[in-house]
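Q: First the structure, which I've put down as structure tokens, then a few questions once you've had a look.
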């Protein structure tokens, strides 16, 4: 590659990145005009109207505003995510540090892990009825395993000599845990939090589509389907995507700031 | 720096068997028996696989002998003990802690008051020749600098004995030479007892008061060579070459 083509490489690259989204938007609008059927493919403007009025309950036909439903979904996902983290992280540390704890829990975890979180929906409804507990249960199921496995991985990945150096300097088991294992495993645990949150976010939307739920982004898009409001469905999906990307970005920023040593160590 | 106490370290008829897949047992150390005097610089020298690192780990209390024991001031060493400091080949610094925080680590563990830590850290940072690097992270330092941090981190809790497991093995020849001089300097200043594992004859002859020469598997003591040459030793001198030849012959026997 010569010098001048290198110079052009950067704008060319970003052009490549936007070409498909732009093509889809243009294609969509053209197709919408040709189809002329807002129940299959609404015009872009109608979707934007919903997106630009996130606080309006009128546009969503009584299903609550985009903003209110997004806040409700976020509250639920945070609650379910925190419950999962509170269980998975200590268990992962226990399994990583002790053969006994590992052998005790391992087979059960291997059995439960391949079950998709949404397969728990019927049982969740049977056990906890319709409501917040069921939703938190589904979210927790989604976030639990990535959290557990990453924590376990992080604890196992703590260098043996880090632990031995601490023992020689006089560390007690509790000090080894808090000053060597936890900080040493923190980057991998953080990865688990990030992946777990992503899955939890997908689960909350699905869980809110359960019968009897009457709020949240998942509810909003499923009820808009019932009202034939395709622009609201698409606007809801876009908001779901944006919140997902935004949260992932926040996790990434903290990762880069706090755990830079993981990359630089080698 | 601090007055040399009278420390005794005795390796008493120590053997180690290890289980090789199934019931088969192999001897890795066989009847190791020697005493280390106060402020003495000992090198454990042998080919790879002779068990010298295992021996050092047993002395540190990180591993167990099958029979025999390590006695420090008459007490059996059966667990890690801050009196026996150890330095690992991979430095084993905590990458999430700055240099200062790494040096302070042992002091924190021992419950030294927060206000009393910085002056001690400063003193050891200077001893390592790293003043001004206190707020750097280990990954910002060269291999040689990292190993100097590891040395003073071990020294900061004032051990009586410093155990070093091929500490310069991962470094280039030039850095290695420099650190060999540095460790002699530190040894002269602090009068610690040092037990230093190496597979380099040159390094052992340059550093040691006595070299414990180990044979290949099962590792037993072939000979303990006392080196009388005054320091600083000159690697290019005839005398140095003679000792080196003698030790090399012992190893190749």
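The values are calculated or read from the model by the stated rules, or taken from the named source; none is laboratory data. Model, not experiment: these values are computed from the prediction. Cβ: placed from backbone, ideal geometry, glycine included. Neighbour counts: every protein chain shown.
Q: May I ask you to say which residue of B:69, B:48, B:92 is touching a residue at least 24 places away in the same chain (Cβ under 8 Å) and buried (at least 19 other Cβ atoms within 10 Å of the Cβ)? Full working, then the answer.
A: Working: B:69 fails: buried (at least 19 other Cβ atoms within 10 Å of the Cβ); B:48 fails: buried (at least 19 other Cβ atoms within 10 Å of the Cβ).
Going through B:69, B:48, B:92 in turn, just one is touching a residue at least 24 places away in the same chain (Cβ under 8 Å) and buried (at least 19 other Cβ atoms within 10 Å of the Cβ): B:92.
Q: Filter segment A:111-134 for residues that are in contact (Cβ under 8 Å) with a residue 12 or more places away in the chain, part of a helix (DSSP H, G or I) and farther than 30 Å from residue A:185 by Cβ and give the result.
A: Answer for segment A:111-134, where residues must be in contact (Cβ under 8 Å) with a residue 12 or more places away in the chain, part of a helix (DSSP H, G or I) and farther than 30 Å from residue A:185 by Cβ: A:121, A:124, A:125, A:132, A:134.
Q: Any residue in segment A:148-157 that is within 14 Å of chain B (Cβ to nearest Cβ), within 15 Å of residue A:262 (Cβ to Cβ) and surrounded by fewer than 22 Cβ atoms within 10 Å (Cβ to Cβ)? If you could, list the steps in order and put the result at the bottom.
A: Let us first name the residues in segment A:148-157 that are within 14 Å of chain B (Cβ to nearest Cβ), namely A:154, A:157.
Adding the requirement that they be within 15 Å of residue A:262 (Cβ to Cβ) leaves A:154, A:157.
This time we only want the ones that are surrounded by fewer than 22 Cβ atoms within 10 Å (Cβ to Cβ), so: A:157.
The answer is yes, given that some residue of segment A:148-157 is within 14 Å of chain B (Cβ to nearest Cβ), within 15 Å of residue A:262 (Cβ to Cβ) and surrounded by fewer than 22 Cβ atoms within 10 Å (Cβ to Cβ).
Q: Is it the case that residue B:29 is within 14 Å of another protein chain (Cβ to nearest Cβ), closer than 24 Å to residue A:168 by Cα, touching a strand residue (DSSP E or B) at 6+ places or on another chain (Cβ under 6 Å) and outside any loop (DSSP other than H, G, I, E, B)?
A: Values: within 14 Å of another protein chain (Cβ to nearest Cβ): no; closer than 24 Å to residue A:168 by Cα: yes; touching a strand residue (DSSP E or B) at 6+ places or on another chain (Cβ under 6 Å): yes; outside any loop (DSSP other than H, G, I, E, B): yes.
No: the conditions fail for residue B:29.
Q: Further question: Name every residue in segment A:208-223 that is touching a helix residue (DSSP H, G or I) at 6+ places or on another chain (Cβ under 6 Å) and at pLDDT 90 or above, in order of residue number.
A: Of everything in segment A:208-223, those that are touching a helix residue (DSSP H, G or I) at 6+ places or on another chain (Cβ under 6 Å) and at pLDDT 90 or above turn out to be A:208, A:215, A:216, A:217, A:218, A:220, A:221.
Q: Cβ contacts < 8 Å: first residue at negative phi and without any contact (Cβ under 8 Å) to a residue 40 or more places away in the chain, restricted to segment A:193-217; second residue in a helix (DSSP H, G or I) and surrounded by fewer than 23 Cβ atoms within 10 Å (Cβ to Cβ), any location; separation 6+ or different chain. Result?
A: Cβ pairs passing all conditions: A:209/A:222.
Q: Going through segment B:170-188 one residue at a time, which ones are part of a loop (DSSP other than H, G, I, E, B) and either buried (at least 21 other Cβ atoms within 10 Å of the Cβ) or free of Cβ contacts under 8 Å to residues at least 60 places away in the same chain (or both)? Walk me through how you get there before you give the answer.
A: Of the residues in segment B:170-188, the ones part of a loop (DSSP other than H, G, I, E, B) are B:170-172.
Passing the criteria: B:171, B:172.
Q: Considering (1) under 28 Å from residue A:135 (Cα atoms); (2) within 14 Å of another protein chain (Cβ to nearest Cβ), say which one residue A:259 fails and leave the rest.
A: Every condition holds for residue A:259 apart from (1).
Q: Looking for whichever is surrounded by 17 or more Cβ atoms within 10 Å (Cβ to Cβ) and over 15 Å from the mean Cα position of the chain (by Cα) here; the options are B:214, B:248, B:207. Which one fits?
A: Numbers: B:248 fails: surrounded by 17 or more Cβ atoms within 10 Å (Cβ to Cβ); B:207 fails: over 15 Å from the mean Cα position of the chain (by Cα).
Criteria check complete, one pass: B:214.
Q: Report, ordered by the first and then the second residue, all pairs with beta carbons closer than 6 Å, sequence separation of six or more or different chains, a first member in segment B:75-88 that is without any contact (Cβ under 8 Å) to a residue 40 or more places away in the chain, and a second member that is surrounded by fewer than 18 Cβ atoms within 10 Å (Cβ to Cβ).
A: Final answer for the pair search is B:76/B:69.
Q: I'd like the residue in segment A:169-215 that is surrounded by 22 or more Cβ atoms within 10 Å (Cβ to Cβ) and part of a loop (DSSP other than H, G, I, E, B) and, out of all such residues, is farthest from the other protein chains (Cβ to nearest Cβ).
A: By that ranking, first place goes to A:208.
Q: Can you name the condition, by its number, that residue B:59 falls short on among (1) in a loop (DSSP other than H, G, I, E, B); (2) surrounded by 21 or more Cβ atoms within 10 Å (Cβ to Cβ); (3) within 12 Å of another protein chain (Cβ to nearest Cβ)?
A: Condition not satisfied by residue B:59: (1).
Q: Of everything in segment A:59-84 that's out of contact with any helix residue (DSSP H, G or I) (no Cβ under 6 Å at 6 or more places or on another chain) and over 13 Å from residue A:215 (Cβ atoms), which residue is modelled with the lowest pLDDT?
A: A:61
Q: Restricting to helices (runs of 4 or more DSSP H) lying wholly in segment B:66-169: which have 3 or more residues that are more than 21 Å from the chain's Cα centre (by Cα) and more than 12 Å from chain A (Cβ to nearest Cβ)?
A: Values: elements: B:99-109, B:117-127, B:143-156.
Output list reads B:117-127.
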